[in-house]
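Undergrad: One structure, pasted below without further comment.
The values are calculated or read from the model by the stated rules, or taken from the named source; none is laboratory data. Worth saying up front: this structure is predicted, and the values here are computed from it rather than measured. Note that we place each Cβ from the backbone using ideal geometry, even for glycine, and neighbour counts take in every protein chain shown. SASA here: full protein model, heavy atoms, side chains in, ligands and nucleic acids out. Shrake-Rupley method; radii C 1.70, N 1.55, O 1.52, S 1.80 Å.
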Amino acid sequence: MAYSVLERRATVTIVGMLLVLAGAAWWWTVRTAHDMQSMAQGLASIGAPMAFDMGVLIFLVMWTTMMVAMMFPTIAPIVLLHRLVMRRQNRGGAPTAAFVLGYLCVWTAAGLVPLALLLAFRNVAHDAGWVTVAAGGVLIVAGAYQFTPWKQTCLRACRTPLSFLATHDFGNGLRGTFRTGAAHGLYCLGCCWALMSVLLVVGLMNLVWMAVLAAVFLAEKHSSRGVLLTRIVGTAVVALGIAIMVHPPVLESIAPTSDVTEPMPGM
């Protein structure tokens, strides 16, 4: 009885901490979205009169905050399970903290890709003929990935936390639990990178699309119909990509171009 009470407390504590961190990250993202509008530029607003001049460190801090907001609710089950396993082994909270840190480091490193693309596209003219084709192409690839075996393999790892922890044991030390968290981060990245690339089209800090994608990731990983959802979402994203290629104004309708021209504070 006493042990079950401790497990319930651990459940409430772990889930509560992850949700609080995610909530705080959402609050900060929403609060700073206006000042960070150069990050809101995607292919839909390429060539707008607003240079991307954010430093690497500031960008990665902002990106990591976005990942905490979007992804922490999705990893609550595996973090909770990891903590319960550590409790049964009479280990403290440090291993689970290392697990989460390993997971987050993978997503932080992944932020270098959109940073490189934003830097590459910042001086491209808005009326460049390839922009619409590129935006539609990104969406078509993102949607098509939903049907691939790689997506299903990564999604399966995210949907079966007990199996994942049983097959990814890198040792009892903090280095081992960090590697386990990083491995889960790689599977999560493999599951979500394609849909996350939609933000490169509509804008990295497009709050509406961030919320939609976060909800999709959560449902894919934890809904009983998550696998079916991947196909529905994939079809919808492919259709949107085709619509943009056929009728370019669709691109601006899903992510209106910002008219803000002021530099960001401190840049």
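Undergrad: Quick check: anything in region 223-244 in contact with a Pro (Cβ under 6 Å, 6 or more places away or on another chain) and open to solvent by less than 60 Å² (accessible area, probe 1.4 Å)?
TA: No: region 223-244 contains no residue that is in contact with a Pro (Cβ under 6 Å, 6 or more places away or on another chain) and open to solvent by less than 60 Å² (accessible area, probe 1.4 Å).
Undergrad: Is it the case that V68 is over 20 Å from V201 (Cβ atoms) and either at pLDDT 80 or above or more than 21 Å from the chain's Cα centre (by Cα) (or both)?
TA: Here the answer is yes, as V68 does meet what is asked.
Undergrad: Among (1) touching a residue at least 40 places away in the same chain (Cβ under 8 Å); (2) hydroxyl-bearing (S, T, Y); (3) in contact with a Ser or Thr (Cβ under 9 Å, 6 or more places away or on another chain), which single condition is Y187 missing?
TA: (1)
Undergrad: Kindly evaluate Q146 against the criterion of being surrounded by fewer than 19 Cβ atoms within 10 Å (Cβ to Cβ) and either in contact (Cβ under 8 Å) with a residue 60 or more places away in the chain or in contact with a strand residue (DSSP E or B) (Cβ under 9 Å, 6 or more places away or on another chain) (or both).
TA: So Q146 fails the test.
Undergrad: Does region 37-65 hold any residues that are at pLDDT below 60 and either out of contact with any Gly (no Cβ under 7 Å at 6 or more places or on another chain) or surrounded by fewer than 18 Cβ atoms within 10 Å (Cβ to Cβ) (or both), and which are they?
TA: Selection gives Q37, S38, M39, I46, G47, A48, P49, M50, A51, F52.
Undergrad: Here is a further query. Here are some conditions: (1) at pLDDT below 95; (2) in contact with a helix residue (DSSP H, G or I) (Cβ under 9 Å, 6 or more places away or on another chain); (3) closer than 25 Å to A97 by Cβ; (4) of a type in the set (G, A, S). A183 meets all but one. Which one does it not meet?
TA: Checking A183 against (1) at pLDDT below 95; (2) in contact with a helix residue (DSSP H, G or I) (Cβ under 9 Å, 6 or more places away or on another chain); (3) closer than 25 Å to A97 by Cβ; (4) of a type in the set (G, A, S), the one that fails is (1).
Undergrad: Checking G136 against (1) in a helix (DSSP H, G or I); (2) surrounded by fewer than 19 Cβ atoms within 10 Å (Cβ to Cβ), which single condition isn't satisfied?
TA: Of everything listed in (1) in a helix (DSSP H, G or I); (2) surrounded by fewer than 19 Cβ atoms within 10 Å (Cβ to Cβ), G136 misses just condition (2).
Undergrad: Consider only pairs whose beta carbons are under 8 Å apart and that are at least six residues apart or on different chains; among these, list those whose first residue lies in region 99-113 and is closer than 10 Å to T177 by Cα and open to solvent by 30 Å² or more (accessible area, probe 1.4 Å) and whose second residue is assigned to a helix (DSSP H, G or I) and not aliphatic (A, V, I, L, M).
TA: Note: pairs meeting the criteria are L101/F178; L101/G181.
Undergrad: While we're here: Here is a list: A219, A157. Which entry is within 17 Å of F72 (Cα to Cα) and touching a Phe, Trp or Tyr at 6+ places or on another chain (Cβ under 7 Å)?
TA: So the residue among A219, A157 that is within 17 Å of F72 (Cα to Cα) and touching a Phe, Trp or Tyr at 6+ places or on another chain (Cβ under 7 Å) is A157.
Undergrad: So, one more: Search region 60-75 for residues that are in contact (Cβ under 8 Å) with a residue 40 or more places away in the chain and in a helix (DSSP H, G or I) and pair each with any residue that is open to solvent by 30 Å² or more (accessible area, probe 1.4 Å) and polar (S, T, N, Q) when their beta-carbon atoms are under 8 Å apart and the residues are at least 6 apart or on different chains.
TA: L60/T108; W63/T108; T64/T108; M67/T108
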